[in-house]
Amino acid sequence: MDTKQRILDEALTLFSEKGYANVFVGEIADRVGIKAPSLYKHYKNKRAIFDAIIDEMNSRFVEQAKALNINGTDASADSEIYRNMSEDNLLVLGRQLFLYYLHDDYNKRFRKMLTIEQFNNKELADIYTKLYVDDPLSYQSMLLGMVASAGLLHTDNVEIMTLHFYAPIYYLLTICDRDPSREPKALETLDAHIKQFDRIYGRER
């Protein structure tokens, strides 16, 4: 791991342990084993480190999506995949994505930091909402809406249908964040949720 990557890694660990506001650039440099002036050669300030962490998370998700043979951000591309996917394959994909978000080291530590900071920093609270609520709901609403338009899902309210799909998944993620021992049961619940969603909204396979 090069110095630039080590700075991101150590900064994210500190942010997740102490919160973003309580970490100073000098601490990050000490954890990396360099002096603060050397750190500034790579990142101009703490916010630049924070932004680079988000970029790294996005890059990691793109690679994960490719590995799962989905786009992950382009709902029109993924709607065709979803329309033609068997329920068994959908269950596998659902688990893989859930486990990625639960166990990916960057996501896990970043989510912990945002959980700590959400009541102290409005900007970080907004980032939490964007990353884990607004963006997933926007993508899934477009995805499910296109599938519904093709007649493969049946609803008169795509927004509510999307909430029905995503809200339990987000709930299970936060439960496992707080209590990792509940992961096996959460995965069973996730499978049951996806099956029930298919039956409620009548996806034809």
- Kindly indicate whether E63 is outside the structural domain of L190 (by TED's automatic domain parsing) and either of a type in the set (V, I, T) or more than 11 Å from the chain's Cα centre (by Cα) (or both). yes
- Message: If M146 satisfies all but one of (1) part of a helix (DSSP H, G or I); (2) out of contact with any helix residue (DSSP H, G or I) (no Cβ under 7 Å at 6 or more places or on another chain); (3) farther than 30 Å from E10 by Cα, what's the number of the condition it fails?
- Response: (2)
- Task: Counting only residues that are among the polar types (S, T, N, Q), surrounded by 15 or more Cβ atoms within 10 Å (Cβ to Cβ) and touching a Lys or Arg at 6+ places or on another chain (Cβ under 9 Å), give me the helices (runs of 4 or more DSSP H) lying completely in region 1-99 with at least 2 of them.
- Result: 3-18
- Would it be correct to say that E117 is out of contact with any Pro (no Cβ under 6 Å at 6 or more places or on another chain), at negative phi and at pLDDT below 90? yes
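Residues in region 188-198: is at least one without any contact (Cβ under 8 Å) to a residue 60 or more places away in the chain, touching a Leu at 6+ places or on another chain (Cβ under 7 Å) and more than 30 Å from I116 (Cβ to Cβ)? Spell out how you get there, then give the answer.
Initial filter on region 188-198 (without any contact (Cβ under 8 Å) to a residue 60 or more places away in the chain): 188-189, 192-193, 196-197.
Pick out the ones that are also touching a Leu at 6+ places or on another chain (Cβ under 7 Å) and you get 189.
If we keep only those that are more than 30 Å from I116 (Cβ to Cβ) as well, we get none.
No - not one qualifying residue is present in region 188-198.
Quick check on this structure: which one of D177, D126, D156 is surrounded by fewer than 19 Cβ atoms within 10 Å (Cβ to Cβ), outside any loop (DSSP other than H, G, I, E, B) and without any contact (Cβ under 8 Å) to a residue 24 or more places away in the chain? Can you show your working first?
On the way: D177 fails: without any contact (Cβ under 8 Å) to a residue 24 or more places away in the chain; D156 fails: outside any loop (DSSP other than H, G, I, E, B).
After applying the criteria, what remains is D126.
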- Scan region 50-85 residue by residue and report those that are of a type in the set (V, I, T) and in contact with a Gly (Cβ under 9 Å, 6 or more places away or on another chain). V62
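Mind listing whichever residues of region 133-161 are of a type outside the set (S, T, N, Q) and in contact with a Ser or Thr (Cβ under 7 Å, 6 or more places away or on another chain)? I'd like the intermediate steps shown before the answer.
Let us first name the residues in region 133-161 that are of a type outside the set (S, T, N, Q), namely 133-137, 139, 142-148, 150-154, 156, 158-161.
Result: L137, Y139, L143, L144, M146, V147, A148, V158, E159, M161.
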- Number of the condition not met by I116 [criteria: (1) in contact (Cβ under 8 Å) with a residue 12 or more places away in the chain; (2) assigned to a loop (DSSP other than H, G, I, E, B)]: (2)
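The values are calculated or read from the model by the stated rules, or taken from the named source; none is laboratory data. Here the structure is a predicted model, which means the values were calculated and not measured. When we count neighbours, we look across all protein chains shown, and the Cβ atoms used for this are built from the backbone with ideal geometry, even at glycine.
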